[in-house]
Amino acid sequence: MRKITILPDEATFDSTAASRITEQIKNKPESVVGLSTGRTTGNMHRLAAEAWKAEPFDVSKVTFFGLDEVTGVDREYAGACYAMLRNELVGFLPVPEENFIMLPTRSEDFEADCKAFTAELDKRGGIDLLILGLGENGHLGFNNPGAPFGGTAWHTKMHPELEERIRRETGSEGPLGGITLGIKDIMHARRIVLVAKGDNKSEVVDAIINGPVTESLPGSVLQLHPNVEYLLDAKAAKNLK
């Protein structure tokens with residue numbers, strides 16, 4: 001099933017996106033829910049937390065995890081995915097600590113960590129809902145253009161602009177990178193909601209929905225997923241044919 005939902009403004013977009021998370025947990029309290037970080041998702045996370053505060057529901061069995069993570073930084077760094085997800089949503093809910101699982105920011109063996117992470121997701125029943133942000137170049141997590149569709153979780157390079165910003169913010173001189181679920185892992189999620197808002201996403205949104213499926217545009221692979229919703233605000237959807 002492919003569904004395209006276009007919301008009239010950013011506020012409606014954020015509240016609707018938040019409801020996708022809360023409704024999933026209410027319908028299946030033991031859900032495994034994957035989250036993405038960035039400018040698109042921050043407010044929807046905060047609204048989901050506010051919805052729980054206003055009308056609490058059972059979150060004791062839900063598993064939250066992050067799609068990806070920055071490597072070479074402390075996970076308490078404000079730009080780390082762990083810190084963002086905790087500060088935007090997970091930290092405001094009574095979720096057991098063991099039910100918030102993240103890829104590591106530092107490791108002696110990222111390859112082994114990737115295998116352990118995906119094994120843990122499988123052990124918990126697999127991904128019920130995966131919220132995906134979309135990069136302006138079509139990336140999903142740290143799967144940038146050229147990432148193989150058959151790839152699983154991996155440790156990869158960071159976009160130069162992001163690396164420059166993180167070095168500026170942290171003063172780090174060591175190696176930086178990204179660790180992420182691969183495209184194959186993403187496609188195994190039972191349900192995907194891709195979220196995009198703003199004028200700057202309008203061209204890539206049209207390309208991933210109406211263009212060819214190609215590894216040069218990772219988001220295009222979602223055309224092949226059996227249960228995906230493209231959740232867009234009017235600005236992001238303005239170029240849709």
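The values are calculated or read from the model by the stated rules, or taken from the named source; none is laboratory data. All values derive from a computational prediction rather than experimental measurement. We place every Cβ from the backbone using ideal geometry, glycine too, and count neighbours over all the protein chains shown. Only protein heavy atoms, including side chains, enter the accessible area calculation; ligands, DNA and RNA are left aside. Shrake-Rupley method; radii C 1.70, N 1.55, O 1.52, S 1.80 Å.
Straightening the chain between Lys61 and Thr5 buys 17.3 nm, computed as 0.36 nm per residue apart minus the Cα-Cα spacing. Under Stokes-Einstein, with the Kirkwood radius over Cα pairs as Rh, the value for segment 86-143 at 25 °C and 0.890 mPa s is 178 µm²/s.
The 1.4 Å probe gives accessible areas that order His225, His155, largest first, as His155, His225.
What does the charge count near Ala51 come to, summing +1 for each Lys or Arg and -1 for each Asp or Glu among other residues with Cβ under 15 Å from its Cβ? In short, -2. In a fully extended conformation the segment linking Asn27 and Ala234 would gain 71.7 nm over its present Cα-Cα distance, using 0.36 nm per residue. Quick one: pull the percentage of alpha-carbon pairs in segment 1-155 with a separation above 18 Å. I get 60 percent for the Cα pairs in segment 1-155 exceeding 18 Å.
Sorting Lys61, Lys123 on solvent-accessible area from highest to lowest, probe radius 1.4 Å, gives Lys123, Lys61. Residue separation of Ser172 and Gln223 scaled by 0.36 nm, minus their Cα-Cα distance, works out to 14.5 nm of gained length. For the set Lys157/Lys197; Lys28/Lys115; Lys115/Lys241; Lys61/Lys184; Lys157/Lys201; Lys26/Lys184, the pairs lying more than 31 angstrom apart at their alpha carbons are Lys115/Lys241. Once the 1.4 Å probe is applied to the protein heavy atoms, the chain comes out at 46 Å² accessible per residue. List the residues of segment 37-68 whose backbone N lies under 17 Å from a point placed 7 Å from the Cα of Ser15 along the Cα-to-Cβ direction. From segment 37-68, the list is 43-55.
Computed over protein heavy atoms with a 1.4 Å probe, the carbon and sulfur contribution to the accessible area of segment 1-72 reaches 50%. How would segment 170-238 be classified by its alpha-carbon gyration tensor: rounded, prolate or oblate, with rounded meaning a/c under 1.5 and the a/b versus b/c comparison settling the rest? Since a/c reaches 1.5 but b/c is at least a/b, the shape of segment 170-238 is classed as oblate.
Surface composition of segment 123-241: carbon and sulfur atoms hold 51% of the protein heavy-atom accessible area at a 1.4 Å probe. Peptides 201-213, 106-118 ranked from most to least packed, by the mean per-residue count of other Cβ atoms within 10 Å: 201-213, 106-118. Helices in the chain, meaning DSSP H runs of at least 4 residues, each add -39500 (n - 2.57). Divided by all residues, the mean residue ellipticity at 222 nm is -10000 deg cm²/dmol. Could you let me know the centre-to-centre spacing of segment 1-71 and segment 131-170, using Cα atoms, in angstrom? So the two Cα centres are separated by 21 Å. Mind checking which aspartates and glutamates have their Cα closer than 19 Å to the Cα of Lys3? Skip sequence neighbours fewer than 8 apart in that chain. List returned: Asp14, Glu23, Asp128, Glu203, Asp206, Glu229, Asp233.
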